[in-house]
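Everything below concerns the one structure shown next.
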Amino acid sequence: MQESQFPKPVYQLIALDMAESIAGGRYQQGEKLHGRSTLASKYNVSPETVRRAMFLLKDMDIIEMKQGSGIFIKNVDKAQNFVEKFRNAAAADELKENINLLTRERQKLDCRLNEAVMALLDSYERFAYLSPLTPFEIPIREGDALMGQNLADVNFWHNTGATIVAIRRGGKLMLSPGPYAEFLPGDVFLLICDAESYSRAKRYVATGE
């Protein structure tokens with residue numbers, strides 16, 4: 001019996017194991033299954049747990065329960081469908097968990113990046129005279145040539161030699177803006193570059209040249 005890494009109710013796992021056995025040819029259509037007590041002993045669970053598993057298989061039209069006669073295999077194909085759906089659901093659960101994990105890791109990295117950039121900016125402010133690189137700010141104004149365009153469109157670093165490390169927008173600091181970050185009025189772009197690149201960047205923002 002294959003189990004997802006994410007816990008499922010025991011009765012569901014028993015139903016899955018039974019469906020896998022049916023789909024795998026261990027049981028034939030029309031064959032009678034063992035009684036609940038025997039199955040409970042096999043799986044080391046209570047008869048009530050087995051009863052829930054059997055009713056799940058019955059709801060899936062895989063087995064039928066005949067009063068006074070027992071439990072019989074009704075449809076092998078539907079057993080296969082049940083197994084496939086169960087595995088797909090387990091795969092989807094795993095993908096969701098991976099996405100959640102990656103999101104948490106990204107949040108941690110964003111926090112560390114924020115701390116590193118702030119420390120870098122602070123060190124430049126305090127020791128600018130020791131370094132050939134100085135952080136610069138370029139405010140974006142109405143009428144600037146690059147207004148409304150994004151970083152990917154304008155090839156900013158290629159045309160200026162300046163690296164955009166953050167954007168101040170609406171009182172918030174956006175670190176490491178992606179290629180689709182736009183030049184919007186009121187923004188302040190924070191650059192790491194030398195004085196020559198800063199001059200090119202100011203001219204490029206204003207004139208596009």
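Points to keep in mind about this one:
- Within region 189-209, residues that are open to solvent by less than 60 Å² (accessible area, probe 1.4 Å) reach partners that are of a type in the set (Asp, Glu) with beta carbons closer than 8 Å, at six or more positions or on different chains, in the pairs PHE189/GLU137; LEU190/GLU137; LEU191/GLU137; VAL205/ASP144; ALA206/ASP144.
- Within region 17-71, being farther than 14 Å from PHE82 by Cβ and of a type in the set (A, V, I, L, M) holds for LEU33, LEU39, ALA40, VAL45, VAL50, MET65, ILE71.
- Of all residues in region 52-79, those satisfying the criterion of being open to solvent by less than 70 Å² (accessible area, probe 1.4 Å) and over 18 Å from PRO9 (Cβ atoms) are ASP61, ILE63, GLU64, MET65, SER69, GLY70, ILE71, PHE72, ILE73, ASN75, VAL76, ALA79.
- Taking every residue in region 54-65 that is charged (D, E, K, R) and pairing it with any residue that is not in a strand (DSSP E or B), at least 6 positions away or on another chain, the pairs with Cβ-Cβ distances below 6 Å are ASP61/ASN75; ASP61/LYS78; GLU64/LYS74.
- Some residue of region 116-135 being of a type outside the set (Ser, Thr, Tyr), at pLDDT 80 or above and under 20 Å from ASP187 (Cβ atoms): no
- Identity of the residue in region 175-188, among the small types (Gly, Ala, Ser) and modelled with pLDDT under 90, that ends up surrounded by the fewest Cβ atoms within 10 Å (Cβ to Cβ): GLY178
The values are calculated or read from the model by the stated rules, or taken from the named source; none is laboratory data. Just so it is clear, the structure is predicted and the values come from calculations on it, not from any experiment. Heads up, the Cβs are rebuilt from the backbone with ideal geometry, glycines too, and the neighbour counts pull from every protein chain shown. Only protein heavy atoms, including side chains, enter the accessible area calculation; ligands, DNA and RNA are left aside. Shrake-Rupley method; radii C 1.70, N 1.55, O 1.52, S 1.80 Å.
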